[in-house]
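Okay, structure first, notes after.
Laboratory data are not the source of any read-out in this text; all were calculated from the coordinates shown. Since we're looking at a predicted model, the values are computed, not measured. Because the Cβ atoms are built from the backbone with ideal geometry, glycine has one as well, and the counts that use them run over all protein chains shown.
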Amino acid sequence: MKIFKNLTNSISFVVITVSFLFWMILLFDPLNIMGGHSGHGSHGGHEGHMEMTNTTNTAIISGLMIGWIIMVVAMMLPKLISPIEHIYLKSLKRKRISSIILFITGYVFIWTIVGLFMNLIIVTLTNKMPGSYIPALIIGGIAIVWQFSPIKQRFLNLGHDHRAIKAFGWSASKDACLFGMEHGIWCFGSGWALMWFPMLLPQGHNLAMLLVMFMMVSEHMEQPQLPRWRFDFRMKLWRILKAQTKLKLSQTL
């Protein structure tokens with residue numbers, strides 16, 4: 001039990017560290033790798049007030065996609081701690097790292113495909129309604145309804161299913177990649193509206209992304225539930241942090 005706890009802590013530390021590094025890239029873009037066309041730049045309204053050519057739209061979509069992939073890795077990695085632990089424990093020692101990389105690749109691939117369609121819609125809406133909060137408010141309303149729906153709960157339940165990973169050869173690599181793609185589909189099904197909301201905000205989308213990540217990680221920590229309509233924000237992470245804070249304060253005083 002102690003060995004498993006140490007392993008869990010080690011994997012969690014690595015995953016959260018990588019997520020933090022991607023957050024730094026996303027927030028500060030120190031090497032200008034997004035070319036000034038990230039979600040932040042495109043939602044500011046400056047380009048939206050001008051008529052965009054096809055070349056400009058392509059450049060903006062390319063920048064948005066780079067920012068989207070970085071955002072997915074930054075926001076979603078903490079959600080993947082449990083399946084990464086599963087792969088680590090079920091894989092041969094020599095296959096662990098490659099299997100985890102293939103899992104993450106499959107996962108990001110799904111989010112990249114859906115992100116392309118989302119970003120195409122974002123560019124269209126930015127051209128038609130530059131600087132408007134209306135698209136974000138509409139998606140925000142949909143996200144609230146989706147949050148309490150039985151369909152979302154079904155996707156969350158599926159996210160707790162961990163497929164068997166074969167031990168040898170190509171089958172092991174294929175299983176790891178398919179596992180990542182499946183997990184990406186379940187995560188998209190549960191969180192598509194929450195992920196889309198910050199991208200549509202003309203202002204304050206970085207803060208919105210942090211809040212959305214907190215909500216998505218928290219709801220993923222909840223146990224599977226019977227799919228039904230219910231008013232539940234699934235804030236288990238908040239309850240854990242609150243309890244840990246109280247414990248630390250009681251030990252200090």
By count of other Cβ within 10 Å, fewest leading, how are Arg94, Arg234 ordered? Arg94, Arg234
If you take the Cα Rg of the chain and divide it by 2.2 N^0.38 Å, with N the number of residues, what do you get? 1.08
Whole-percent tail of the Cα-Cα distance distribution for segment 151-195, cut at 17 Å, equals 38 percent
Please order Ile60, Ile138, Ile66 by the number of other Cβ within 10 Å, starting at the fewest. Ile138, Ile66, Ile60
Residues His205, His86 in order from fewest to most other beta-carbon atoms within 10 Å are His86, His205
In Å, what Rg and Dmax follow from the Cα atoms of segment 74-120? 12.7, 42
Can you give the Kirkwood hydrodynamic radius of segment 117-218 from its Cα pairs, in Å with one decimal? 15.4 Å
Rounded to the nearest angstrom and ordered from largest down, what semi-axes does the equivalent ellipsoid of segment 190-253 get from its C-alpha gyration tensor (root of 5λ)? 27, 19, 8
